[in-house]
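The values are calculated or read from the model by the stated rules, or taken from the named source; none is laboratory data. All values derive from a computational prediction rather than experimental measurement. No Cβ is skipped: glycine too gets one built from the backbone with ideal geometry, and neighbour counts run over all protein chains shown. Please note that ligands, DNA and RNA were not included when accessible areas were found on the heavy atoms of the full protein model with its side chains. Shrake-Rupley method; radii C 1.70, N 1.55, O 1.52, S 1.80 Å.
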Amino acid sequence: MPLPSILAPSILASDHANLAAGVKFAASLGLTWVHIDIMDGHFAPNLTFGPQTVAALRKNSALFFDVHLMLDEPQRYIEAFARAGASQISIHLEPAYDHAATLARIRALGCRCGLVLNPATPAAAARPLLDQVDLVLVMTVQPGFGGQSFRRDMLPKIAEIDRERTARGLGFRLEVDGGIDLATGPECRAAGADTFVVGTAFYGAPDPAAVARAAAAW
Ligand code: DX5
Ligand code: ZN
């Protein structure tokens, strides 16, 4: 049985002068997650939010904060984001640091942990860590900016990770991030994804409520 689908609106695409309103808006539609992109200008060529932003949003919201760290040295910031109120902290596989220890640290701090793969990173690279994560995030664009086109060539990677999950009886969520909309979301669902980050196609939609309703049926 596939896991029920979850839509995680990415506040990167919301009004940065009123982020709390973007989070509240998601909650008002009955959504339970928001996705928060953290970039350091090194791992990804952009700068976004920090722990203080997450803490400020946490004061106004009980939603599940899905925090995606796009950092060269994520291990240095785990504690700060956990303390700020992250519900889940996801770290990339590409930089060199102790991934297993960092995932364990995230859990020890009371958060769920996720592992993220860039488009160029093969599914096989995540294999040794799959039994230690609550979520695997397959990037369907190169990290850095919202509004990019979905990489359809990522569908086989999603399917490969889903097959491995079933074969090993693991229960992690399989999330996709980048260019997800009403057309590409169902394609990812068919490939095995169950958790959908949607930025531009949610906050930029004429009727985000319709997007939320549609995604509930993916
Ligand atoms: C990209 C970020 C995404 C981004 C997705 O680097 O990780 O979470 O907000 O935005 P859209 O849905 O517009 O592609
Ligand atoms: Zn993201």
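Rounded, prolate or oblate: which fits the range 1-131, taking a ≥ b ≥ c as square roots of the Cα gyration tensor eigenvalues, rounded meaning a/c under 1.5, else prolate when a/b beats b/c?
Working: a/c = 1.62, a/b = 1.40, b/c = 1.16.
Note, shape of the range 1-131 comes out prolate.
If Lys and Arg each add +1 and Asp and Glu each add -1, what is the summed charge of the other residues whose beta carbon sits under 14 Å from the beta carbon of Ile158? Intermediate values should be presented prior to the final figure.
On the way: positive: Arg151, Arg152, Lys157, Arg163, Arg165, Arg173, Arg189; negative: Asp153, Glu160, Asp162, Glu164, Glu175, Asp177, Glu187, Asp194.
So the surrounding residues net to -1.
Going by Cα centres, the range 36-53 and the range 57-93 are how many Å apart?
11 Å
Would you work out what percent of the accessible area of the range 6-216, with all protein chains in place, is carbon or sulfur (probe 1.4 Å)? Can you show the working numbers first?
Numbers: 4580 of 8540 Å².
Heavy-atom surface of the range 6-216 belonging to carbon and sulfur, 1.4 Å probe: 54 percent.
Tell me the chymotrypsin sites (Phe, Trp or Tyr not before Pro) within the range 1-103 that lie in a loop according to DSSP and have at most 16 other beta-carbon atoms within 10 Å.
On the way: sites: Phe25, Trp33, Phe43, Phe49, Phe64, Phe65, Tyr77, Phe81, Tyr97; in loops: Phe43, Phe49, Tyr77, Tyr97.
Counting only loop positions with at most 16 other Cβ atoms within 10 Å, the chymotrypsin sites (Phe, Trp or Tyr not before Pro) in the range 1-103 are Tyr97.
Send over a whole-number figure in Å² for the accessible area per residue of the range 6-216, probe 1.4 Å.
Working: 8540 Å² over 211 residues.
Computed with neighbouring chains in place, this is 40 Å² per residue.
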